[in-house]
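What follows draws every value from the coordinates through simple rules; no lab data is involved. The structure presented is a predicted model; accordingly, all values stated were derived computationally and were not measured.
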């Protein structure tokens, strides 16, 4: 299984989000929080806000790309309108 996920972190004035995909969501979140994840995520504490599973890696990658580019949907997820 592969997962597309959205994590959020509170900054001083705003909430920021990051979208990615993985085959081990717990390990990936731990890596982000240990500053071993993507460069953008280093130095912050992240919480998993959304994830969805897929059977094939290529489908997960396509869905990750769509979510990364859809800022309106990301905002709805961050605000808890979509769970």
### Summary
Restricting to Cα pairs under 8 Å and 6 or more apart, the percent relative contact order of the chain works out to 36 percent
### Query
Once every DSSP H run of n ≥ 4 in the chain is given -39500 (n - 2.57) and the sum is divided by its residues, what mean residue ellipticity at 222 nm do you get, rounded to the nearest 500 deg cm²/dmol?
-10500 deg cm²/dmol
